[in-house]
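Only one structure is covered here, and it is reproduced in the block below.
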Amino acid sequence: MLLIINYLINHSMKKLLLVSLCFLSLFVTQVYAQNRTITGTVTSKDDGLPLPGVSVTVTGASIGTQTNAAGKFSLSIPASAKSLTFSFIGFKKQEKQLGSGSALNVVLESSANELGEVVVTGALGIQKAKRETAYSSTTVTSKDINQTNVTNFANGLTAKVAGLAIQTVDNSIDPNVTIKLRGNRSIAGNNNALIVIDGVPAPYGAINSINPDDIAETQILKGAGAAALYGSEASNGAVLITTKRGASNGKPVISYNNSFQIQQVGFFPKFQNTYGMYGGEGAPYIDPLTGGATYVPYENQLYGPAYDPTGNTKVQVGYPAGSATGPTLVVPYKALPKNPIESFFNTGIVEQNEVSVQQGDAANSFYLSAQNVYSKGVVPNDKNLRTSVSARGARTLGIFKADYSVSYTKTDVSTYGTGYNGSLLYTNLMQWPAFLDIKQFRNANTGTFSNPSDFYDAYAINPYWIVDNSRINTSRDVFLSNLKLSLNPTKWMDLAYHVSYNFGVNQQRFTQSEVRFTPYGVSDPYGASSVQSTFKNTLLAPGRVADVYQFGDGTLNGYPSGYARLQGDATVNLHHTFFNDFKTSLLLGNTVWQQRYKAMATSSNSLLVPNVYNVAYIGGIPAANESEAKIRQIAFFADLNIGYKNYAFFEGTLRNDRDSRLSAKNRSFYYPSAKLSFVPTDALSFMKDNRVLNYLKIYGSVSRVGNISIGPYQINNIYGVTSGFPYGALGGLSAGTTYYSQDLKPEQVNEIETGLEAALFNNRLSLSATYYKQNSKNQTLTVQTSSATGYNASLLNVGEVQSSGYEFEATADLMTKSANIFGWRVKGNFSINDSKVISLIPGVNTFDILTFGTAAVSAKVGQPFPLLRGTDLNRDPQGRVIVDANTGLPSTNSTPKDFGRTTPKYILGLTSSWTYKIATLTAVSEYRSGYVIYNQVGSTMNFGGSSYVSASAGRSRFIFPNSVINTGTAANPVYTPNTSVSIQDGNYGFWQSSPYNTANSPLVSSAAFWKLREVSLAFDLTQYIRHTGFIKGLNFALTGRNLALWKPKNNPWTDPEFSDTIGNGAGTTSAAQTPATRIYGADLRVTF
């Protein structure tokens, strides 16, 4: 029956949603004359001081408000209300009867068991007391998320939840962020947490569109069991976002917020500022007396002579401009005080302006917000402009309630592309010499020495040309909406239907200006085979254009992201208390959702008219492609809860998913879970009213969920378009080279979890500890097969990965402001994650996820996942490098070595807040360790000779550090410390041509780091402006993010938090990523 109802409503849900939203927007503004307003003050019995943040609700209803900083409240209530309930963490809940008056003052008494009474939001938006839950979850408040004015809410969660790893992929003007809980469990599938907004799963791309200040709180469900009701989408845990609703005191509240931040590159790789330009040319650039390299005016590599610290030596840079007799650029051969690579970057800014309006009463609420975020990046010309508008509201009419939310976000991003030779910006920049002022080359189009024809570097291009002439402009429009209709026909039954439609449009255009070279420029005056000379036949690097349009979630990603989502949920909740001791509820529900994306792209590399970026004006034929996909799923679920005397609880869930990505015989599958929690401090008389141990909960759960790791249509063998079939220019279809099996099933995740929560010393200290183990079977992998089968590969269910670990969280009120004027609260979280590949394909023990040269991120039987593998130098049993007894050079071991896991094993987060009078200082830091990173950016720097490492031996003869020589035989080696055999060429020859340069191990380092994530110094100035009457609140704060980074000495390259991919092949960096930044700012909030 639920399925029929759901189908009928879902079939026309788009129209229903729009009509309902319009209808609700009209009646939420009505005036409700039958209500009355109760005002009062809530104080503490211990010290008589006012209590801010106390929850004040109409008993038996959802109508409520909170006390302000002065402990005062004002609440509009219906005439039928008989009493108000007051609750606050650390104090006993109190119910006060209402009289005929409008004033009500309340005194709250300290409580010893409040932790279990905290209400948390679970799957499907179901709220429970924390004592009733049997899984690990953490609540992060809006204040915690926004205390340093993050523009992406995920960054505000960093270091605040045990087991949560937020990873910023790069430091671009529009960075990607991944959210992972408890490590990776799927080798080739999705490992990101499910994003849920107001009870409904949202596309992953929504994390870039949500205004963080619209979030009331975020609940993190860490395990698969906690989110089992969401089925196959929640095998990686879930992030539940609850957005703000309107005030309930009958009075309008208007808030304005402005924050201004500056950002500067704070963590550069370690450069050398000692040596200039030479790249192995040999004669005539070799000093005949010393045999050392001499200066080469056109080189991009920095293996030349040392700079003259006096500046008396002058050198010519490049060849004469325009002609052989043109002007020349001559500069002192002396390193500049600031490395020009660092000088290239700007000081970026981020300015946020936001206004919100909210109003409501006992039966209605309305919230409207608008935000504008303008960002100017550290890379010249990079900009990001995001504007969002959202409206939310609710209306209660007797037993009926309607709740809606709608938001629209417009984002425009402009960032750099690639060079006219296809090179990367950072690659060209990394080759810049320390003696040459990069600012002189700012005019990259017409400057005398900086234009493309006359640029000095024969092998690189002017970085400013890229940022001026090669642009990627993206426009995103994202719409998020949901409507929930509830009916409470009896006190034991609740009916609800929840419909949501979330979609986005992404339009991206890549443009690159044409370059017309002069005949002299392409003549290659130095005979260096320059970049310019590659265009000598046409004197032209044609302009380029590429357009992409995608309807989906607003991103350009494919599965599992990129899809628009339409969903309907129908639920029946039956609840009753039997014999006064057994509190029961049974939730029955049905979900139907559909995801869809459509993408179209056109491009050309041969524009005919300069700066006319239109595929209608090109030479040749444009490239074009189009793709479209849909996914549908129907689910039925049940959730049974039984509580006994408020200290013993059982929850059992069962969900059946039917997914269109799987074949008919496999598309229906079940996910059960069972959970138990027990509160001995309430159940056992000898543990009650204990002054030390105030609260203790013990819990455990078992669950099975799934992870569908294939995209739509991947159970069908496909055909692609090919040309020249059977001959000439005739078109045809060609069979794909991968075999897709109809027998594919979901990956299956079996999880056990057990833990405890405790409160001690009158709730001054709260603790939680969790152990979990997950086994993910039926991994979906592409395996190589014999070509005799007609295919080169097959997609199969093979392999198993195990992930287990411990999570700890603690909060301690070392000093309370109410008792000491000065308050000090410390929060900490620590997690340990162990992963291991149990099995792969029979007969195969290694599966590569991502390869780069001789290195790879892999899954290997018996090893952690993901694992970095690659080549190393030959070493003795003690790990010392073996060098040649004659040359002193190392050699490469061709057998791949396991370097270690590429995701953190240990994560520690610390938050400390100090409060004195009107000021609060908060600092958040994070430590990650137990993993490695492959610094491909180091390869770029060593090639260019700009790295500190490449100059660490002084570019002269040196003995390889900690090396040994085999003084025995190959059969019976004897390894003796090398103290005399030096490497003859410690310059270009070693860093470019020796085995050291070809092995992977020199670029592998520990990825451990300490980072000062956030600092906020906030001032509550409300008491100084209260006399104005119309200003209700005034807050000012100084903020900072990523202010300090500490990393091991063996990582001189970059911030190890970055990774070169959003996929499962984490653990690498490259020249495609710009360096990390520090952010400083100020924030002003005014409430009217």
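When you go through Asp682, Asp639, Asp689 one by one, which is the residue that is over 30 Å from Ser741 (Cβ atoms), assigned to a loop (DSSP other than H, G, I, E, B) and touching a residue at least 60 places away in the same chain (Cβ under 8 Å)? Don't jump to the end; show me each part of the working.
Working: Asp682 fails: assigned to a loop (DSSP other than H, G, I, E, B); Asp639 fails: assigned to a loop (DSSP other than H, G, I, E, B).
None of the other options fit; the residue is Asp689.
Do we have any residue at all in the stretch 932-939 that's in contact with a Lys or Arg (Cβ under 8 Å, 6 or more places away or on another chain), surrounded by fewer than 18 Cβ atoms within 10 Å (Cβ to Cβ) and either assigned to a loop (DSSP other than H, G, I, E, B) or in contact (Cβ under 8 Å) with a residue 40 or more places away in the chain (or both)?
No, the stretch 932-939 contains no residue that is in contact with a Lys or Arg (Cβ under 8 Å, 6 or more places away or on another chain), surrounded by fewer than 18 Cβ atoms within 10 Å (Cβ to Cβ) and either assigned to a loop (DSSP other than H, G, I, E, B) or in contact (Cβ under 8 Å) with a residue 40 or more places away in the chain (or both).
Just one of the numbered conditions (1) over 39 Å from the mean Cα position of the chain (by Cα); (2) in a loop (DSSP other than H, G, I, E, B) is not true of Pro712; which one?
(1)
Yes/no per residue for (1) buried (at least 18 other Cβ atoms within 10 Å of the Cβ); (2) out of contact with any strand residue (DSSP E or B) (no Cβ under 9 Å at 6 or more places or on another chain); (3) modelled with pLDDT of 95 or more:
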residue: Pro864; (1), (2), (3): yes, no, yes
residue: Arg869; (1), (2), (3): yes, no, yes
residue: Asp876; (1), (2), (3): no, no, yes
residue: Gly900; (1), (2), (3): yes, no, yes
residue: Tyr906; (1), (2), (3): no, no, yes
residue: Ile918; (1), (2), (3): no, no, no
residue: Ala923; (1), (2), (3): no, no, yes
residue: Arg928; (1), (2), (3): yes, no, yes
residue: Phe943; (1), (2), (3): yes, yes, no
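Select, from Gly266, Gly318, Gly292, Gly280, the only residue that is touching a residue at least 24 places away in the same chain (Cβ under 8 Å) and under 30 Å from Ala1082 (Cα atoms).
When all the criteria are applied, what remains is Gly266.
When only residues in the stretch 320-362 that are assigned to a loop (DSSP other than H, G, I, E, B) and buried (at least 21 other Cβ atoms within 10 Å of the Cβ) count, which is nearest to the chain's Cα centre (by Cα)? Before the answer, list the steps.
Filtering the stretch 320-362 down to residues assigned to a loop (DSSP other than H, G, I, E, B) leaves 320-328, 333-339, 344-347, 361-362.
Okay, now just the ones that are also buried (at least 21 other Cβ atoms within 10 Å of the Cβ), so 321, 333, 335, 344, 361-362.
On the way: Ala321: 47, Tyr333: 44, Ala335: 39, Phe344: 27, Asp361: 38, Ala362: 38 Å.
Result: Phe344.
For Leu289, work out the one condition from (1) surrounded by fewer than 17 Cβ atoms within 10 Å (Cβ to Cβ); (2) closer than 30 Å to Pro1075 by Cβ; (3) among the aliphatic types (A, V, I, L, M) it doesn't fulfil.
(2)
Scan the stretch 787-808 for residues that are within 26 Å of the chain's Cα centre (by Cα) and either part of a helix (DSSP H, G or I) or of a type in the set (Gly, Ala, Ser) (or both) and report the count.
Count: 3.
Go through the residues of the stretch 952-964 one by one and say whether even a single one is free of Cβ contacts under 8 Å to residues at least 12 places away in the same chain and either of a type in the set (Gly, Ala, Ser) or closer than 29 Å to Leu425 by Cβ (or both).
yes
With (1) at pLDDT below 85; (2) farther than 30 Å from Ala234 by Cβ; (3) in contact with a Lys or Arg (Cβ under 9 Å, 6 or more places away or on another chain); (4) not in a loop (DSSP other than H, G, I, E, B) as the list, and Ala70 as the residue in question, which single condition is left unmet?
So the condition that Ala70 fails would be (4).
Scan (1) within 23 Å of Leu696 (Cα to Cα); (2) in contact (Cβ under 8 Å) with a residue 40 or more places away in the chain for the single condition Gln774 breaks and write down its number.
Among (1) within 23 Å of Leu696 (Cα to Cα); (2) in contact (Cβ under 8 Å) with a residue 40 or more places away in the chain, Gln774 violates only (1).
So if I check each of Tyr367, Tyr374, which one is assigned to a strand (DSSP E or B), surrounded by fewer than 21 Cβ atoms within 10 Å (Cβ to Cβ) and at negative phi?
Numbers: Tyr367 fails: surrounded by fewer than 21 Cβ atoms within 10 Å (Cβ to Cβ).
The unique qualifying residue is Tyr374.
Does Tyr426 count as more than 30 Å from Pro489 (Cα to Cα) and at pLDDT below 95?
yes
Looking for whichever is over 25 Å from the mean Cα position of the chain (by Cα), under 30 Å from Gly805 (Cα atoms) and among the β-branched types (Val, Ile, Thr) here; the options are Val861, Val883. Which one fits? Let's see the steps before the verdict.
Values: Val883 fails: under 30 Å from Gly805 (Cα atoms).
Just one listed residue meets the conditions, Val861.
Any idea which residue in the stretch 17-67 is farthest from the chain's Cα centre (by Cα), counting only those that are at pLDDT below 50 and closer than 12 Å to Asp361 by Cβ?
It comes out as Ala33.
Here is a list of conditions, (1) part of a loop (DSSP other than H, G, I, E, B); (2) touching a Leu at 6+ places or on another chain (Cβ under 6 Å), and Ala885 meets all of them except one; can you say which number that is?
(2)
Collect the residues in the stretch 438-448 that are touching a Leu at 6+ places or on another chain (Cβ under 9 Å), over 16 Å from Pro519 (Cα atoms) and either assigned to a loop (DSSP other than H, G, I, E, B) or not aliphatic (A, V, I, L, M) (or both), keeping them in residue-number order.
Once the filter is applied, which keeps residues that are touching a Leu at 6+ places or on another chain (Cβ under 9 Å), over 16 Å from Pro519 (Cα atoms) and either assigned to a loop (DSSP other than H, G, I, E, B) or not aliphatic (A, V, I, L, M) (or both), the stretch 438-448 yields only Gln440.
Please go through the stretch 573-583 and give me each residue that is buried (at least 16 other Cβ atoms within 10 Å of the Cβ) and either within 16 Å of Thr653 (Cβ to Cβ) or not charged (D, E, K, R) (or both), ordered by number.
Asn573
Which of (1) of a type outside the set (Lys, Arg); (2) modelled with pLDDT of 90 or more; (3) within 22 Å of Ser663 (Cα to Cα) does Ala758 not meet, given it meets every other one?
So the condition that Ala758 fails would be (3).
Just wondering, is there one or more residues in the stretch 256-267 that are modelled with pLDDT of 95 or more, within 29 Å of Thr57 (Cβ to Cβ) and either touching a strand residue (DSSP E or B) at 6+ places or on another chain (Cβ under 6 Å) or crowded, with 24+ Cβ neighbours inside 10 Å (or both)?
Among the residues of the stretch 256-267, at least one is modelled with pLDDT of 95 or more, within 29 Å of Thr57 (Cβ to Cβ) and either touching a strand residue (DSSP E or B) at 6+ places or on another chain (Cβ under 6 Å) or crowded, with 24+ Cβ neighbours inside 10 Å (or both), which makes the answer yes.
Take the residues in the stretch 991-1002 that are buried (at least 22 other Cβ atoms within 10 Å of the Cβ) and under 21 Å from Gly1067 (Cβ atoms), then tell me which one is farthest from the chain's Cα centre (by Cα).
Ala999
Name the one entry in Thr534, Thr571, Thr577, Thr555 that is in a helix (DSSP H, G or I) and hydroxyl-bearing (Ser, Thr, Tyr).
Result: Thr534 is the single residue among Thr534, Thr571, Thr577, Thr555 that is in a helix (DSSP H, G or I) and hydroxyl-bearing (Ser, Thr, Tyr).
Here is a list of conditions, (1) modelled with pLDDT under 95; (2) not in a loop (DSSP other than H, G, I, E, B), and Trp1010 meets all of them except one; can you say which number that is?
It fails just one condition, (1).
Can you tell me which residue among Asn694, Asn646 is over 33 Å from the mean Cα position of the chain (by Cα), outside any loop (DSSP other than H, G, I, E, B) and crowded, with 16+ Cβ neighbours inside 10 Å?
Going through Asn694, Asn646 in turn, just one is over 33 Å from the mean Cα position of the chain (by Cα), outside any loop (DSSP other than H, G, I, E, B) and crowded, with 16+ Cβ neighbours inside 10 Å: Asn694.
Kindly list, by first and then second residue, each pair from a residue in the stretch 731-745 that is touching a residue at least 24 places away in the same chain (Cβ under 8 Å) to a residue that is among the basic types (Lys, Arg), limited to pairs with Cβ atoms under 9 Å and residues at least 6 apart or on different chains.
So the pair list comes out as Gln742/Lys665; Asp743/Lys665; Leu744/Arg661.
Can you tell me which residue within the stretch 501-524, out of those that are hydroxyl-bearing (Ser, Thr, Tyr) and part of a strand (DSSP E or B), is farthest from Asn473 (Cα to Cα)? Let's see the steps before the verdict.
As a first pass, look at the stretch 501-524 and keep what is hydroxyl-bearing (Ser, Thr, Tyr): 501, 511, 513, 518, 520, 523.
Checking the rest, the ones that are also part of a strand (DSSP E or B) come to 501, 511.
Working: Tyr501: 27, Thr511: 8 Å.
Ranking the qualifying residues of the stretch 501-524, first place goes to Tyr501.
Within the stretch 951-1007, count every residue that is in a strand (DSSP E or B) and among the polar types (S, T, N, Q).
5
Restricting to the stretch 596-627, and then to whatever is under 33 Å from the mean Cα position of the chain (by Cα) and exposed (fewer than 12 other Cβ atoms within 10 Å of the Cβ), can you tell me which residue is nearest to Leu586 (Cα to Cα)?
Ser627
The values are calculated or read from the model by the stated rules, or taken from the named source; none is laboratory data. Owing to the predicted nature of the structure, the values given are computational and were not obtained by experimental measurement. All Cβ positions, glycine included, derive from the backbone under ideal geometry; neighbour counts span all protein chains shown.
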